[in-house]
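Since the structure comes first, as structure tokens, the remarks are kept for the end.
The values are calculated or read from the model by the stated rules, or taken from the named source; none is laboratory data. For clarity, every value in this text was computed on a predicted model and none was experimentally measured. Positions of Cβ are generated from backbone atoms using ideal geometry, with glycine treated the same way; all protein chains shown enter the neighbour counts. Note: areas computed on protein heavy atoms with side chains; ligands, DNA, RNA excluded. Shrake-Rupley method; radii C 1.70, N 1.55, O 1.52, S 1.80 Å.
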Amino acid sequence: MFERFRSYGFLILTLSLLLSAVPVRAQLGNSGSIDGVVKDPSGATVPNAKVEISNPVTGYHRETTTDSDGIFHFSNVPFNPYHLTVEATGFSSHSQDVDVRSTVPTSAQISLKVGVATETVRVEANGGDLVENDPSFHTDVDTSLTERMPLESQSSAVSSLVTLASPGVVADSNGLFHGLGDHAENSFSVDGQPITDQQSKVFSNQIPLDSIQSIEAVSGGPPAEYGDKTSLVIKVTTRSGLGVNKPTGSIFASYGSFGSVNGGFRLAYGGKKWGNFIAANGLNTGRFLDPPELSAIHDKGNEENLFDRVDYQVTGADTIHTNFQYTRSWFQTPNTIDNLNIGVNDPVTGNPLPAQDQRAKIGTFNIAPVWTRLINPTTLFTLGAFVRRDHFNYYPSGNVFADGTGLIPGGSSATLNQDRTLTNAGLRSDVSYVKGPHNIKIGATFQHTFLTENFNFGITDPNFLPSQVDANGNPCFNTVTNTPIDAPCTDLYPFDLSHPHAGVGLFPFRGHTDVKEIALYVQDTITVRNWAFNLGIRGDWYRAIVHDWQPQPRVGIAYNVKKTSTVLRVSYSRVLETPFNENLILASLGASNPVIVDVIGGSSLQAPIRSGQRNQFNAGFEQAFGKFVVVDADYLWKYTHNAYDFSTFANTPIFFPIAWNNSKIDGPSVRVSVPNFHGFTAFAVLAHVRARYFPPQIGGLGATITGGEVFRIDHDQAFNQTTHFQYQPRPNLPWVAFNWRYDSGLVASNPALDNFADASSFLDGDQQAAIGLFCVDAGGVRHTASLSTPLAQGPGTICGANPTSTGAKLLNIAGASFDLDHHPTRVVPRSLFDASVGDDNLFHGDRYKWSLRFTAINLTNKTAVYNFLSTFSGTHFVSPRAYNVELGFHF
């Protein structure tokens with residue numbers, strides 16, 4: 001098998017060398033270009049003509065002027081249809097539609113008619129201009145939206161944007177988002193570079209938002225060029241300095257709630273044949289992660305970003321492009337009140353314990369050079385390389401006995417540390433051919449991921465081992481001699497730091513593996529009159545702890561009913577899903593170690609995590625209502641064998657991948673867009689996605705759902721929606737932007753929350769108070785839990801044996817009607833409102849401008865949780881009301 005991998009890699013390199021021998025400007029994987037010549041009726045070229053392109057739905061707008069030869073060029077143009085207009089003195093205005101669907105340059109030959117030019121051309125789109133004849137359901141987001149939209153997270157701004165702007169995306173804590181019912185089965189394609197590893201801020205550092213020009217989020221059937229994790233494919237086009245003759249950029253600084261300070265700059269400069277875009281920023285805040293308490297305790301963090309894109313046109317046919325990124329983040333693990341260790345003494349010295357002080361650091365760098373060669377006007381060759389590295393360090397408290405309450409199932413404590421690296425290197429190559437009705441792309445990608453995991457832990461609770469029993473229920477620990485009698489005490493005793501005369505130190509886990517992947521694909525988008533067909537096939541070969549491969553046909557069909565401005569579409573996709581790389585070694589091989597299973601939890605001797613096999617079906621439509629509203633809707637069905645999720649080690653940022661036998665996910669997603677109308681733009685995204693998982697658990701570490709019942713995974717959500725609008729009466733006036741986000745609530749997956757009796761006996765006072773647990777006794781008196789007065793149900797308790805009413809402010813506890821599949825306990829529904837107000841030109845300058853922006857998050861100060869004691873993600877509160885003010889200087 002390894003020789004096969006070597007042969008495929010050699011094939012890619014050989015193909016590259018052959019094509020390089022073969023002698024218009026080319027673009028990168030997620031963008032194209034528009035080239036054209038403007039002429040008069042006699043055929044003479046027209047210099048200094050004003051040329052504009054725009055998309056009324058995304059808000060994308062660019063303009064340029066023709067040179068002395070009448071030539072114009074737009075580079076780095078995201079794939080979309082555009083309306084092109086040309087104005088020149090002495091000629092009538094000209095307009096036409098241009099569709100950019102390939103990296104092969106799109107050519108436009110324009111002949112102007114002699115006439116009177118109007119001073120201003122207003123592009124009035126009709127219904128036909130607003131719909132796309134594309135078989136894949138997707139959402140386009142441009143900087144016109146990202147620069148004004150209020151976002152909850154400054155350190156995970158890309159996650160916040162995708163969550164708000166894409167239908168079917170469920171918000172989760174710490175920058176996680178669940179695309180279309182799956183746990184983080186999302187991939188990024190940054191200028192064509194595939195990134196399929198986790199991008200939340202407890203795993204990695206994502207690309208900074210201010211480096212992005214546009215995003216296309218594909219939530220329908222994925223084209224054959226995308227694999228691994230395809231529930232949501234996020235195609236990112238970064239900003240470029242190509243053609244920016246005068247240095248252009250901005251310097252900004254902001255201050256906000258939680259002592260948050262942010263500052264940075266953006267700079268673009270270049271010429272006709274070269275360009276450089278650089279963005280740098282830094283953040284320091286007192287609420288870096290979403291904490292397990294309403295108030296952020298021990299939650300400081302900082303992040304520094306540097307992004308640089310360099311473009312150079314070597315010849316008229318050859319272009320070199322390189323992305324550089326380095327990001328470093330350092331943050332504390334937020335504490336609960338329990339983690340403050342109030343009244344708790346060191347089991348060895350007897351001295352009072354300090355508060356828990358666990359921290360983490362992540363360093364990320366990425367280098368991705370790309371060479372493109374335009375072989376002829378219809379054929380483009382691309383060769384790219386990339387290397388990306390995440391280095392994650394997790395540090396314990398200075399006093400190990402201060403670490404963690406409730407890390408081990410049953411309420412025991414442990415200390416842990418981790419040093420983990422993930423290095424992903426690879427080559428990608430493709431040939432694009434556009435001719436007549438065909439848009440063909442043939443490509444290959446080879447990736448080699450190096451994983452190293454060093455994980456250490458020790459038991460710090462002196463009561464843990466004495467509480468263990470053997471299979472017959474007999475004590476397995478002699479409390480008189482402090483020695484083990486039977487397993488698991490024999491296995492765990494050496495690593496029990498609370499018995500120093502027996503302990504040998506921390507339990508060490510050392511793991512390293514290589515993950516080799518190769519993908520070969522061919523696809524063709526065929527446009528014949530009103531029909532569009534996406535036909536493709538992909539083959540993936542995966543070699544790591546397990547070996548898998550699979551052919552994957554992809555088929556999509558769309559039909560444009562032009563009379564009614566309607567597009568109908570259906571698609572089928574077969575997908576090989578590769579396992580999560582984060583802590584993959586420990587989760588796959590550590591499950592056979594009884595020490596790891598006894599401490600972390602889960603069924604012993606689980607098999608290594610295998611790849612998932614998915615059949616996906618999509619059907620939908622797009623409908624324009626005049627020039628004012630566009631409705632885009634899609635219904636999906638996903639059937640997966642080997643369905644993935646993560647389990648968490650309490651509230652730490654340590655997660656382990658797990659796999660279940662099967663999953664069935666289905667539901668509708670809708671996006672409603674209102675193009676710009678006299679300065680007003682708006683959109684709404686709505687979704688209902690059911691995520692049903694089927695036991696048994698077949699791989700990984702973590703608590704197993706008891707029994708063989710079908711259950712709703714914690715990212716199942718009955719309904720969510722985002723409504724966003726922006727309004728600016730005139731270009732020289734201030735603007736306002738507003739969000740309304742509604743979430744019906746994720747599933748609370750901990751079995752202790754199934755009913756009030758279990759919750760009141762399992763939760764301590766802090767946890768009960770956090771969710772507002774309450775009961776009404778037989779006398780009609782309402783009692784709400786507090787830190788010092790937890791509730792309990794039964795004779796002689798505050799609630800009594802038969803309370804007349806029970807519940808929780810932040811959880812809808814299912815109670816007697818509880819059902820894992822049809823009626824699980826859920827987080828209560830919530831509506832969150834955010835707003836931004838700003839002025840992009842305070843002093844009405846021409847070349848130099850000052851901007852001021854004020855943002856408020858969670859305007860009503862709604863108290864809510866993303867999840868609570870989730871088996872898969874722990875406890876995390878939504879941000880309380882927060883303010884931020886930003887001042888910028890633009891040149």
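Miscellaneous remarks
- Rounded to the nearest 20 debye, the dipole size of the chain about its Cα centre is 2140 debye, using +1 on the Cβ of Lys and Arg and -1 on the Cβ of Asp and Glu.
- When the Cα positions of ASN755, VAL310, LEU832 are compared along the charge dipole of the chain, VAL310 comes out farthest toward the positive end, with charges on each C-beta of Lys, Arg, Asp and Glu.
- Ligands, DNA and RNA are left out, and with a 1.4 angstrom probe the accessible area of segment 593-736 is 35 Å² per residue.
- Of LYS50/LYS273; LYS201/LYS300; LYS201/LYS235; LYS50/LYS441; LYS201/LYS809, those spanning more than 25 Å from alpha-carbon to alpha-carbon: LYS50/LYS441; LYS201/LYS809
- Candidates per trypsin sites (Lys or Arg not before Pro) in segment 198-281, loop by DSSP, up to 13 other Cβ within 10 Å: LYS272
- Report note on the peptides 443-450, 89-96: ranked by the mean count of other C-beta atoms within 10 Å, highest first, their order is 443-450, 89-96.
- Within a straight-line Cα-Cα reach of under 16 Å, LYS113 can be paired with the following aspartates and glutamates, leaving aside sequence neighbours fewer than 8 residues apart in one chain: ASP40, GLU87.
- Those lysines that a straight Cα-Cα span of less than 19 Å connects to LYS562, excepting residues fewer than 8 apart in one chain: LYS627
- Expressed per residue, the C-alpha convex hull volume of segment 666-815 stands at 203 Å³.
- Over all pairs of different C-alpha atoms in the chain, the reciprocal of the mean inverse distance, the Kirkwood hydrodynamic radius, equals 29.1 Å.
- R0 of 41 Å, Cβ-Cβ distance VAL776-ASN463: FRET efficiency to nearest 0.05: 0.70
- Per residue, the solvent-accessible area of segment 824-891 (1.4 Å probe, heavy atoms of protein chains only, all protein chains present) comes to 41 Å².
- Qualifying lysines (Cα of each under 17 Å from Cα of LYS849; at least 8 residues distant if same chain): LYS246
- Separation in nanometres of the label points that stand 7 Å from Cα toward Cβ, at ARG529 and SER107: 2.8
- Average accessible surface for segment 270-315: 38 Å² per residue, computed with a 1.4 Å probe over protein heavy atoms with every protein chain in place.
- The trypsin sites (Lys or Arg not before Pro) of segment 832-891 that DSSP puts in a loop, and whose beta carbon has at most 16 other beta carbons within 10 Å, are ARG847, LYS862, ARG881.
- For the peptides 618-624, 345-351, the ranking by mean Cβ contacts within 10 Å, running from highest to lowest, is 618-624, 345-351.
- Taking the Cα centre of segment 221-308 as reference, the dipole from Cβ charges on Lys and Arg (+1) and Asp and Glu (-1) amounts to some 600 debye.
- Portion, in percent, of the accessible area of the chain that falls on carbon or sulfur, probe 1.4 Å: 59
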